[in-house]
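Since the structure comes first, as structure tokens, the remarks are kept for the end.
The values are calculated or read from the model by the stated rules, or taken from the named source; none is laboratory data. Just so it is clear, the model here is predicted, and its values are computed rather than measured. Cβ atoms come from the backbone with ideal geometry, glycine included; neighbour counts cover every protein chain shown. Note: areas computed on protein heavy atoms with side chains; ligands, DNA, RNA excluded. Shrake-Rupley method; radii C 1.70, N 1.55, O 1.52, S 1.80 Å.
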Amino acid sequence: MAFRRVVALLGVGGVGKTTFAYRLLGLSDVPVITLRPSYYRLYIGNYEYDILDVPGQLVYEVALKFASFKVSIVNRLIYMYDVTNYESLHAIAELHSIFIERKSSISEEVVIVGNKRDLAEEVGFYIEADEIASSIGADEVYYISAVKDPPEVLMKILRGVN
């Protein structure tokens, strides 16, 4: 018997959500721009993960739809941002405010992932999510390179503490 967990990837366009999903799935294809929500299924041990990759250009519309539900519809919500782009981090607070305004409990677990750490190392700075994480009550914060980190590192983000 498999335990099912639903994971949603939310963030504005270009932060690496699809790359993260492709790496989790072991796909070698170069991700293309996600034009509509994509759904992936991954089996790990006794767990079945349903991963929803929301395109950045639709993220606010999808968030409004999610917020219309009064019960948790995902087990783990992963907000992703680009660690070299402050606007992508600020968008997380805007997205989360949609759920707060509508008193929606979208997820049991909320995680923030700062992606593109490899680019941040090249330019010599990165934007930390600590302030936003505490303001939205995020359970965990990770800093990764979805392109360069080994899949095991990415799996820890997907799985959390289950």
| field | 3J(HN,Hα) from dihedral phi, region 5-10, Karplus parametrisation 6.51/-1.76/1.60, rounded to Hz, x for glycine, proline | value | 10, 9, 10, 10, 9, 10
| task | Can you tell me the relative contact order of the chain? Whole percent, Cα pairs under 8 Å, sequence separation 6 or more. | result | 25
| field | Percentage relative contact order, region 1-64, counting C-alpha pairs under 8 Å, at least six apart | value | 46
| request: Search the structure for amide H atoms under 5 Å from the amide H of Tyr142, placed 1.01 Å from N in the peptide plane, and list their residues when 5 or more places away or on another chain. | output: Ile112, Val113, Gly114
| said: Spelling out what I want: for every residue of region 80-92, take phi, set θ = phi - 60°, compute 6.51 cos²θ - 1.76 cosθ + 1.60 (Karplus), and round to whole Hz; glycine and proline get x. | reply: 10, 9, 8, 5, 9, 9, 4, 4, 5, 6, 4, 4, 4
| task | Sum up the charges of everything whose Cβ sits under 12 Å from the Cβ of Ser38, counting Lys and Arg as +1 and Asp and Glu as -1, but leave Ser38 out. | result | +1
| message | To check you understand DSSP bridge types, tell me what percent of the beta bridges within the chain (both residues inside) are antiparallel, rounded to 5. | response | 25
| Cross-link table Lys103/Lys156; Lys17/Lys156; Lys65/Lys116; Lys65/Lys156, entries beyond 21 Å C-alpha to C-alpha | Lys103/Lys156; Lys65/Lys116; Lys65/Lys156
| task | Apply the Karplus parameterisation 6.51 cos²θ - 1.76 cosθ + 1.60, with θ equal to phi minus 60°, to every residue of region 142-153 and state each ³J(HN,Hα) to the nearest whole Hz, in sequence, with x for glycine and proline. | result | 10, 10, 9, 10, 4, 7, 10, 5, x, x, 4, 5
| message | Give the average over all directions of the projected area of the C-alpha convex hull of region 117-162, one decimal, in nm². | response | 3.8
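How large, in percent, is the carbon and sulfur part of the accessible surface of the chain at a probe radius of 1.4 Å?
56
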| request: At 10 °C and 1.306 mPa s, grab the translational diffusion coefficient of the chain from Stokes-Einstein with a Kirkwood Rh over Cα pairs, rounded to a whole number in µm² per second. | output: 101
| message | Within 10 Å of each candidate Cβ there may be at most 11 other Cβ atoms; applying that plus a DSSP loop requirement, which chymotrypsin sites (Phe, Trp or Tyr not before Pro) in region 47-150 survive? | response | Phe125
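Can you check what the net charge comes to around Ile127, using other residues whose Cβ is under 14 Å from the Cβ of Ile127 (Lys, Arg +1; Asp, Glu -1)?
Working: positive: Lys116, Arg117; negative: Asp82, Glu87, Glu121, Glu128, Asp130, Glu131.
So the environment of Ile127 carries a net charge of -4.
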